[in-house]
1. Hey, can you tell me all the residues within the range 37-70 that are among the acidic types (Asp, Glu) and either within 14 Å of residue 20 (Cα to Cα) or at pLDDT below 85 (or both)?
2. Mind listing just one residue for me: the one in the range 19-36 that is assigned to a strand (DSSP E or B) and touching a Phe, Trp or Tyr at 6+ places or on another chain (Cβ under 9 Å) and, of those, modelled with the lowest pLDDT?
3. Considering only residues that are loosely packed, with under 10 Cβ neighbours inside 10 Å and not in a helix (DSSP H, G or I), which ones fall in the range 47-69?
4. In the range 7-27, what count of residues is obtained for those that are open to solvent by 60 Å² or more (accessible area, probe 1.4 Å) and touching a strand residue (DSSP E or B) at 6+ places or on another chain (Cβ under 6 Å)?
5. Do we find that residue 4 is at negative phi, among the small types (Gly, Ala, Ser), open to solvent by less than 70 Å² (accessible area, probe 1.4 Å) and in a helix (DSSP H, G or I) in this structure?
6. If you go through the range 11-33 one residue at a time, how many are over 24 Å from residue 45 (Cβ atoms) and not aliphatic (A, V, I, L, M)?
7. Give the residue that is nearest to residue 2 (Cα to Cα), with candidates limited to residues of the range 28-46 that are open to solvent by less than 40 Å² (accessible area, probe 1.4 Å) and within 12 Å of the chain's Cα centre (by Cα).
Amino acid sequence: MLKAEDQVGSYRLIEELGEGGMGVVFLAEHVTLRRKVAVKVLRPEFAFRPESLARFRRAFQFYVARVSAL
C-alpha cells in the first residue's frame, strides 16, 4: 500500500487523513501546480471490481456536487 511521501501520477502524498473499507485518503499536493488536494487510493482488492468502481464514482460525484455548491 502507498504511504506519505510516495508519488501517484502528478500528486505527492503528504499524510494519511483517514482509512476506510475500500481504501485510504491522503492529503496530497500537485507537484506542478503546488495545490493541495485529497486523494483516495483504493485497495488493490477493490481496484478492478466493477461494483467497487461504481461505488467509488458515485461517492466522487456526490462530493464534487457538494464542493461545487460552496
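The values are calculated or read from the model by the stated rules, or taken from the named source; none is laboratory data. Just so it is clear, the structure is predicted and the values come from calculations on it, not from any experiment. Glycine gets a Cβ as well: all are built from the backbone with ideal geometry, and neighbour counts include every protein chain shown. Heavy atoms of the whole protein, side chains included, go into the accessibility calculation; ligands, DNA and RNA do not. Shrake-Rupley method; radii C 1.70, N 1.55, O 1.52, S 1.80 Å.
1. We begin by selecting, within the range 37-70, every residue among the acidic types (Asp, Glu); these are 45, 51.
Answer for the range 37-70, where residues must be among the acidic types (Asp, Glu) and either within 14 Å of residue 20 (Cα to Cα) or at pLDDT below 85 (or both): just 45.
2. Here is the first cut: in the range 19-36, the residues assigned to a strand (DSSP E or B) are 19, 23-30, 36.
After this cut, where a residue has to be touching a Phe, Trp or Tyr at 6+ places or on another chain (Cβ under 9 Å) as well, the list is 23, 26, 28-30.
Details: 23: 89, 26: 93, 28: 94, 29: 95, 30: 96.
My answer is 23.
3. 48, 69
4. Matching residues across the range 7-27 total 5.
5. On the way: at negative phi: yes; among the small types (Gly, Ala, Ser): yes; open to solvent by less than 70 Å² (accessible area, probe 1.4 Å): yes; in a helix (DSSP H, G or I): no.
Answer is no for this residue.
6. Qualifying residue count for the region: 4.
7. Residue satisfying both the conditions and the ranking: 41.
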